[in-house]
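Trainee: Take a look at this one; I'll ask things after.
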Amino acid sequence: MKTEVREAAVVTVAVALSGLLLGVLWAWLAPRVPLVGDVVDKSWVVYLKDTEGEQAIGVDGTFALLALAFGVVSAFVVFLVRRRGGVPLVVGLAVGGLLGSLLAWRLGIWLGPEQDVVAHAKDVGKGVAFSAPLELGAKGALLAWSLAGAVVHLGLTALFGPRDPDPYQQGSYGAPQT
């Protein structure tokens, strides 16, 4: 059991650290939400440039799809390294996926466009379009990596993992073995 817990801890740390790559990819691939600054009654206001644009949902979708892909890949790698599976390993994969998603979310926001939109609007000028900061509106996307990783790993273990011996092939209970 100690070995399984140790392996689960290693998997948790490795999967969580791969969240750095997810954060970089999200900041790079996510669509930009265009904003425009204007002066109204001597104060700056910021508006969406395209009020019917779908870029904001695209930001969430990009994160969710990347997290799902990372979950599938991490589950596949963990299964190839350790075919026996085990509850601690799946828990480590799920916890690492959640920690990796949280790390990716914060890193993506940090790498993304400027967070202070009013100051950025003042810098670029009145009527000039600029990108909104990355925001994850659908917080449930943070669970995508964990869920995909756990489901794929459990599926791979069920399909290709070692089998328990069949008790009925060894003889009936109570009957002498020949």
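Trainee: Restricting attention to the stretch 87-103, which residues are touching an Asp or Glu at 6+ places or on another chain (Cβ under 9 Å) and crowded, with 17+ Cβ neighbours inside 10 Å?
Mentor: Scanning the stretch 87-103 gives P88, L89, G92.
Trainee: Right, another one. Go over the candidates A104, A67, A150, A119 one by one and state the one that is among the hydrophobic types (A, V, I, L, M, F, W, C), in a helix (DSSP H, G or I) and without any contact (Cβ under 8 Å) to a residue 60 or more places away in the chain.
Mentor: A119
Trainee: I'm checking my understanding of the structure. Among residues of the stretch 1-49 that are aromatic (F, W, Y) and either assigned to a loop (DSSP other than H, G, I, E, B) or open to solvent by 60 Å² or more (accessible area, probe 1.4 Å) (or both), which one is modelled with the highest pLDDT?
Mentor: In this case the residue turns out to be W28.
Trainee: If you don't mind, another one. Can you give me the number of residues within the stretch 104-126 that are crowded, with 18+ Cβ neighbours inside 10 Å and within 20 Å of G23 (Cα to Cα)?
Mentor: Of the residues in the stretch 104-126, 5 are crowded, with 18+ Cβ neighbours inside 10 Å and within 20 Å of G23 (Cα to Cα).
Trainee: Kindly establish whether L99 is hydrophobic (A, V, I, L, M, F, W, C) and at pLDDT 95 or above.
Mentor: yes
Trainee: Just checking, how many residues over the stretch 127-147 are open to solvent by 50 Å² or more (accessible area, probe 1.4 Å) and either assigned to a helix (DSSP H, G or I) or of a type in the set (K, R) (or both)?
Mentor: So the count comes out to 4.
Trainee: Taking the stretch 70-86 on its own, how many of its residues are of a type outside the set (A, V, I, L, M, F, W, C), at pLDDT below 95 and open to solvent by less than 40 Å² (accessible area, probe 1.4 Å)?
Mentor: Residues in the stretch 70-86 being of a type outside the set (A, V, I, L, M, F, W, C), at pLDDT below 95 and open to solvent by less than 40 Å² (accessible area, probe 1.4 Å): 3 in total.
The values are calculated or read from the model by the stated rules, or taken from the named source; none is laboratory data. Note that this is a predicted model, so its numbers are computed, not measured. Ideal geometry is used to build each Cβ from the backbone, glycine not excepted, and the neighbour counts take in all protein chains shown. The accessibility values were calculated without ligands, DNA or RNA, using every heavy atom of the protein model including side chains. Shrake-Rupley method; radii C 1.70, N 1.55, O 1.52, S 1.80 Å.
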